[in-house]
Amino acid sequence: MSDRLINWFRYASPQTFYPLTGKLIPWFWAFAAIFAVAGLTIGFLLAPTDAQQGEGYRIIFLHVPASWLSMFIYLVMAFWAATGLAFNTRLSGMMASALAPTGALFAFLSLWTGALWGKPMWGAWWVWDARLTSELILLFLYIGFIALQAAIDDPRRADKAGAILALVGVVNVPIIYFSVKWWNTLHQGASVSLTRAPSMAAMMLWGMVLCALACWMYSIAVALMRVRTIMLERERHTDWVRALLAEKE
Amino acid sequence: MLELIGAVIGRDLRLAMRRQADIVAAMFFFIIVVSLFPLGVGPEADQLRKLAPGVLWVAALLATMLSLPRMFADDHRDGTLEQLALAPQPLGLIVLGKVIAHWLVAGLPLCLLAPVLGIQFDLANDALAVLTLSLLIGTPALSGIGAIGAALTLGVRGGGVLLSLLVLPLYIPVLIFGAGAVDATVSGLGAQAHLSLLGALALGGVFFAPWPTAAALRIALE
């Protein structure tokens, strides 16, 4: 029993986690590259041209994975935030702050690619559709989280304050989503809907899934790289970082 | 429990009354922001009627934001907050008292001013009534959610701007249902659904917000 517990928490310490990430990161990059090549090949070369949207629809191979990940990363961030508050582990807060910029990037990408797609399809860069609006608010939440952490000098306090904000945000996200949705349906009547054709060609679906996996692997790789830097920066006074740096020199 | 909340409310109100200029400044901010819109978009009554719910509600959000930093900052500066945190009573209840006091000082005057400003926008009587009612129901939620942001940014550099960055996205549901209630009345749909949801938000906000706020205060006091 006690052995299992020790194993479970073994990588909760930066000292053991740092070498582990060093070994894992190349793998995640490799998987990201493989999935990206496969997904983009299917997406750009093999998937059929959409009957209604022409070639322009192909932006969904980036757009949909970006939207998925922007939401998923927020959940993961909130999970680490909650873990950090509950168990008072240093690494959890570092993970949350390492994930935030990637999440913000995907939220921004999702809006950007959505705008590029919307202009030819709907004739507008931006509509106040429920999904667009809630994605925009998600971006605001990410930016608030990053800004709050950046404004607090003491990293422990920054972690905890950020964790509370992330958790309040995660409670609020469904409320915001539904409020935006109801607001939209109540007021704009028949506006443009984002729901796509129900029967998507299998090839398109595969391309999208592979691209989503590529984005997922990329997020893990980048977040781990960022958390490595954060670990070194925050633990710079410890022996293991000194030993590590001395080794490198 | 009620005594404690009452005592906190009484204390905060007394302090606010000794600094009436702060309250009045926030009210005039509200009035000025609302009055800027007809100057900016032109005085056509039809257009103003359409804009009124959104403008009044957004101005109410901004005016509430203005007074949020003071909710804990003064107590933090003179050490009262530490005493409150050390008190045997739960910090969450004390925060609840402060939230109610903040609403009485910052939210309630907005509700009373709003119908007068609504007349500037040529709103009909029933819309004015719903506007006031929606503000009465919705502004407590603003004070509650705002308390979380105020506690998180306590003593942080650039606190004021940061506070709006944190809190305004969380205010969006209140804005949507608040302005939506007035919109629905203007377009003849009835405001019942919006007001019910607004009431749910306000109850949820005021009930749950003191808990994360208390946690954030303890972090700020560490």
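The values are calculated or read from the model by the stated rules, or taken from the named source; none is laboratory data. Keep in mind that this is a model prediction, so the values were computed, not measured. All Cβ positions, glycine included, derive from the backbone under ideal geometry; neighbour counts span all protein chains shown.
For A:LEU205, indicate whether it is modelled with pLDDT under 85 and under 30 Å from A:THR41 (Cβ atoms). Answer is yes for this residue. Of the helices (runs of 4 or more DSSP H) contained entirely in the range B:6-114, not one carries at least 3 residues that are without any contact (Cβ under 8 Å) to a residue 60 or more places away in the chain and basic (Lys, Arg).
Checked against the criterion of being under 30 Å from B:ILE5 (Cα atoms), more than 9 Å from chain A (Cβ to nearest Cβ) and of a type in the set (A, V, I, L, M, F, W, C), the range B:177-186 contains not a single residue that satisfies it. When restricted to residues that are touching a residue at least 40 places away in the same chain (Cβ under 8 Å) and assigned to a helix (DSSP H, G or I), the range B:115-128 contains 5. Looking at this structure, is A:LEU139 more than 12 Å from the chain's Cα centre (by Cα), among the aliphatic types (A, V, I, L, M) and part of a helix (DSSP H, G or I)? Considered against the rule, which asks whether it is more than 12 Å from the chain's Cα centre (by Cα), among the aliphatic types (A, V, I, L, M) and part of a helix (DSSP H, G or I), A:LEU139 comes out as no. Among the conditions (1) farther than 27 Å from A:LEU244 by Cβ; (2) surrounded by fewer than 18 Cβ atoms within 10 Å (Cβ to Cβ); (3) modelled with pLDDT of 85 or more, A:TRP29 misses just one, which is (1).
When the residues of the range B:135-157 are filtered to those that are outside any helix (DSSP H, G or I) and within 8 Å of another protein chain (Cβ to nearest Cβ), which remaining residue is modelled with the highest pLDDT?
B:THR153
Among the residues of the range A:53-67, are any at pLDDT below 90, aromatic (Phe, Trp, Tyr), under 19 Å from the mean Cα position of the chain (by Cα) and part of a helix (DSSP H, G or I)? The answer is yes; a qualifying residue exists.
Would you check if A:SER134 is in a helix (DSSP H, G or I), touching a residue at least 24 places away in the same chain (Cβ under 8 Å) and within 14 Å of another protein chain (Cβ to nearest Cβ)? Considered against the rule, which asks whether it is in a helix (DSSP H, G or I), touching a residue at least 24 places away in the same chain (Cβ under 8 Å) and within 14 Å of another protein chain (Cβ to nearest Cβ), A:SER134 comes out as yes.
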